[in-house]
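Computed from the coordinates by the stated procedures, all read-outs in this text should not be read as laboratory data. Fair warning: this is a prediction, and the values are worked out from it, not measured in the lab. Here Cβ is always computed from backbone atoms with ideal geometry, including for glycine, and neighbour counts include all displayed protein chains.
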């Protein structure tokens, strides 16, 4: 597969380069950056020295991008739909790591991202393979799931599909490493601001909230309502998502166990830590795995589900490669066999 990466100098682009280096079927032919055009990627990311000697081109060189079988777009929202409308008619698959193709209801996208969605009738699929692989197989464009969304949706879907929880009772508390804020300089991500510190952000207004709600509503077959609060923690990568939901009357711990094992028993990248186990971000660091544990709070009648992912891998670039494999008929784990890094 001939692969190009648009926006290769962001953290997600660099992670794609790291992962695809070990993919036996992928050949990277072009990488782009508007701010560093003509520069060798290894001069920006020295860890790629002697691995890649490619120079960055401009995304405006669309005739070169059209040489690809698939183009990954690692840019902020609004860019992918412009590229996809030009590349897809030329037979190129597009995997967007941004938000342009995450919503089935374009009005929700426009409300939360303040950009008009101009790609009508796009043949797209939501990029969360464990739940949407059949749609991904047939799509031309993949809207890669958001990082917080991936952790929360994988944690809650078994309970909603089995009708074990009240769909309007859900609270999601999610904590993310600083790389989730991107590579651009911001005061809030400076070392002196983040070190020895923990803070909530975008409270009651994070853009991942409507994305989580839309997918969970699809999984539940009825409207869901969530309270979502993300937090930034002083580490480079990783997400811990803790979800709290009210159980329906008569639900037992065995019912909860069965819901998780029935849905995920054959999933390579979902590892069930099980009842009473609290997974940690270091258990998945650098890998495409999602580890999930759960516990019943007898006092409140709530079930607590904890899920951990690496926000740059399962929460972004690794999951995008998982979708790539599905699109081209490969085993989903090809190129993604890396074991987690520990300690």
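What percent do you get for the relative contact order of region 81-182 when only Cα pairs under 8 Å and 6+ apart count? Relative CO of region 81-182 lands at 26 percent.
Kirkwood's formula applied to the C-alpha pairs of region 282-341 gives a hydrodynamic radius of 12.9 angstrom. Sorting 229-239, 312-322, 7-17 by their mean Cβ neighbour count within 10 Å, with the most densely packed peptide first, gives 312-322, 7-17, 229-239.
Measure nothing but the geometry: give the 0 to 90° angle between the long axis through the Cα atoms of 253-264 and the longest principal axis through the Cα atoms of the chain, rounded to 10°. Rounded to the nearest ten degrees, it is 20.
Helix 208-220 sits at what angle to the longest principal axis of the chain, using alpha carbons and giving 0 to 90 degrees rounded to 10? The angle comes out at about 60 degrees. Reducing region 238-284 and region 22-99 to their Cα centroids gives an inter-centroid distance of 36 Å. With R₀ set to 45 Å, the beta-carbon distance separating residue 197 from residue 67 gives a calculated FRET efficiency near 0.45. Pairs of Cα atoms nearer than 8 Å and 6+ residues apart set the relative contact order; for region 148-311 it is 31 percent. Restricting the calculation to Cα atoms, region 69-142 yields a radius of gyration followed by a Dmax of 11.5, 32 Å. For the chain, the relative contact order works out to 17 percent when only alpha carbon pairs closer than 8 Å and six or more residues apart are counted. Per residue, the Cα convex hull of the chain amounts to 135 Å³. Just round it to a whole percent: the fraction of Cα-Cα distances in region 2-73 exceeding 15 Å. Tail of P(r) above 15 Å: 46 percent of Cα pairs.
Inverting the pair-averaged 1/r between distinct Cα atoms of region 148-311 gives 16.2 Å as its Kirkwood hydrodynamic radius.
Compared with the dominant Cα axis of the chain, that is its longest principal axis, helix 147-161 is turned about 40°.
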